[in-house]
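The values are calculated or read from the model by the stated rules, or taken from the named source; none is laboratory data. Worth saying up front: this structure is predicted, and the values here are computed from it rather than measured. With ideal geometry, Cβ positions are generated from the backbone for all residues, glycine too; neighbour counts draw on all protein chains shown.
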Amino acid sequence: MYFAFCLLYGCSHTPLNQKITELNILKLEPLKSPELSSFPLAEKTLLFDSKKIKNQNIDFDFNGNLMLPPGDYIIPVMTYCMNHSGSSPDAHSYTLSRLEGSRARIIRELNLMAPIKFSVEDIQITSWSIQAGLSYEEMTTISKNVIDLILPKYKEELKESYLKIAEQKWNALADSAQGIIPDFNKASNQLIDNLGEVEMKINEYRKFKTELGEIGHNYKELSRMIETSNKSLQKKRGETPWSLISPNVYARFVTDGHFNQIGFLQIKVIQETPQRKINSINDERVTVDIGALIANPNNKDIQPLAFSMFLNSQGVWVIPVLIEAPVAAGLVLAAIITAEKINWDSFFDLYDHLKKSKSKQIQNDIEKGFQVLQEAHDELEKPVKEAEVISGKTKDTSISEKSKTREYQKSGGDKELKNDFDKLPGQPVKSSEGIEYKIITSDSKAVMRPTKNGSIPTLEIQPLEDSTKFHHKLRIKIRY
């Protein structure tokens with residue numbers, strides 16, 4: 001056994017160790033380290049004046065690539081972390097790399113297409129699952145729904161997990177090693193850790209699979225594994241390096257935040273031959289594939305970040321720095337136009353910034369957002385109306401319709417609360433805290449909160465945790 005240990009840990013040039021290296025796990029890895037695909041940095045200073053950038057919509061082609069004429073651009077993007085654990089400090093300085101790996105194109109299309117129908121949280125959990133090499137069957141119900149609706153052509157490719165493929169290759173080597181190498185499931189973490197960086201990720205993938213199985217599709221719990229409180233060594237924005245991502249096209253990513261927050265891609269397209277006669281505007285456009293980019297932290301303890309663009313009905317939304325709260329218009333439009341499950345926390349944060357805007361377009365979009373909110377409340381309260389718990393005559397006491405909660409008032413106290421709760425469909429269940437509730441639709445439940453320590457008896461309608469229709473903070477509250 002000591003000889004075997006020496007072979008595995010201390011003799012890096014032995015034939016046996018060479019065989020382990022030849023497992024080709026690197027080629028099958030879902031995502032490669034961004035250090036392996038870094039774009040070259042600009043060798044000269046680039047002039048980029050954000051104050052001269054105009055607000056405009058730009059086109060993208062059938063494959064989701066931007067089509068940019070020469071000029072300077074600032075494009076807001078939602079960010080997604082590319083590892084299920086680690087650190088994502090605010091305002092870190094990144095360079096750019098190319099997104100590569102056996103599942104890179106799946107991640108690209110997920111980020112490009114999923115915001116049309118799914119929340120940032122659902123996309124992030126699905127992305128973690130793909131990154132960790134899970135098979136379709138190992139994913140959560142919501143992640144499977146994302147794949148079914150957005151990426152059905154990749155279901156066959158996701159049929160077998162990365163760990164299963166790695167296990168098959170490992171065990172084939174173990175069978176020929178005459179007992180020196182244990183089979184995959186018996187290989188200790190220490191043994192795998194000593195076989196190099198790629199093999200160490202086997203343990204990471206195992207860990208995420210276990211955590212997802214225990215926690216389920218719970219973004220709040222899963223995201224706690226990402227450390228965001230520590231501060232990065234921040235650089236001034238002007239010092240963020242430019243990357244040459246294609247001939248005559250430079251880009252850099254700047255952010256004051258961390259993962260699952262908004263950052264900005266600054267892009268500079270330099271005209272190739274200014275003297276050449278341009279026959280049409282299309283002749284001078286270049287394609288930029290934002291989905292194929294990844295923010296490289298140049299630090300193994302910090303998360304790389306991938307991007308989703310904000311889309312509106314006319315194309316990609318490009319935000320000028322001079323608009324008050326420049327992030328807001330893009331996110332409001334994206335939430336209204338592309339998301340079936342709007343993140344109302346973000347919406348109201350943006351509303352606070354934008355409510356005094358003089359832009360007619362922004363004000364129109366805000367009103368559309370509140371119209372969507374009203375429709376969501378109408379849908380959430382539909383079961384209590386059908387059960388005649390409330391009617392058009394029930395007093396609506398909401399202080400403002402511009403809130404995640406819609407409130408009503410009835411008389412009767414605990415007795416009327418219990419009577420109304422009994423009218424609703426579903427079987428009553430008690431939670432571990434002793435609170436009685438009913439599942440009343442596939443997306444919502446009714447919670448009965450009787451008088452306690454002077455509180456007002458309340459019937460609360462709220463979305464289920466795994467609802468694909470409602471944001472988790474929407475509420476209907478009937479007080480008695």
| Tabulated pairs, segment 351-374, first assigned by TED's automatic domain parsing to the domain that holds Lys469, second among the basic types (Lys, Arg) and modelled with pLDDT under 75, C-beta under 8 angstrom, 6+ apart or interchain | none
| remark: Considering residues that are touching a residue at least 24 places away in the same chain (Cβ under 8 Å) and surrounded by fewer than 20 Cβ atoms within 10 Å (Cβ to Cβ), the number found within segment 131-141 is 3
| request: Look through segment 285-321, keep the residues that are within 25 Å of Ser127 (Cβ to Cβ) and among the hydroxyl-bearing types (Ser, Thr, Tyr), and return whichever of them is modelled with the lowest pLDDT. | output: Ser308
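Here's the yes/no breakdown for (1) within 33 Å of the chain's Cα centre (by Cα); (2) within 12 Å of Ile478 (Cβ to Cβ); (3) small (Gly, Ala, Ser):
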| site | (1), (2), (3) |
| --- | --- |
| Lys382 | yes, no, no |
| Lys395 | no, yes, no |
| Lys404 | yes, no, no |
| Gly413 | no, no, yes |
| Asp420 | no, yes, no |
| Lys445 | yes, no, no |
| Glu460 | yes, yes, no |
| Quick one: is Asp466 touching a His at 6+ places or on another chain (Cβ under 6 Å), over 30 Å from Gln363 (Cβ atoms) and not small (Gly, Ala, Ser)? | yes
| request: Confirm whether Ser87 is within 17 Å of Phe39 (Cβ to Cβ) and surrounded by 19 or more Cβ atoms within 10 Å (Cβ to Cβ). | output: no
| message | Considering only segment 55-69, I want to know if a residue exists there that is of a type outside the set (Gly, Ala, Ser), modelled with pLDDT of 90 or more and more than 22 Å from Thr228 (Cα to Cα). | response | no
| remark: Note on Phe421: of the conditions (1) among the hydrophobic types (A, V, I, L, M, F, W, C); (2) assigned to a loop (DSSP other than H, G, I, E, B); (3) touching a strand residue (DSSP E or B) at 6+ places or on another chain (Cβ under 7 Å), unmet is (2)
| query | Are any residues in segment 158-182 modelled with pLDDT of 80 or more, surrounded by 14 or more Cβ atoms within 10 Å (Cβ to Cβ) and assigned to a loop (DSSP other than H, G, I, E, B), and if so, which ones? | reply | Leu158, Glu160, Ser161
| query | Scanning for something touching a strand residue (DSSP E or B) at 6+ places or on another chain (Cβ under 8 Å) and modelled with pLDDT under 85, does segment 90-105 turn up at least one residue? | reply | no
| request: Name every residue in segment 391-408 that is closer than 27 Å to Phe347 by Cα, polar (S, T, N, Q) and free of Cβ contacts under 8 Å to residues at least 60 places away in the same chain, in order of residue number. | output: Ser398, Ser400, Ser403
| said: Given the options Gly369, Gly426, name the one that is over 23 Å from Asp345 (Cβ atoms) and either surrounded by 13 or more Cβ atoms within 10 Å (Cβ to Cβ) or small (Gly, Ala, Ser) (or both). | reply: Gly426
| Across segment 267-284, what is the number of residues that are within 19 Å of Asp59 (Cβ to Cβ) and at pLDDT 85 or above? | 3
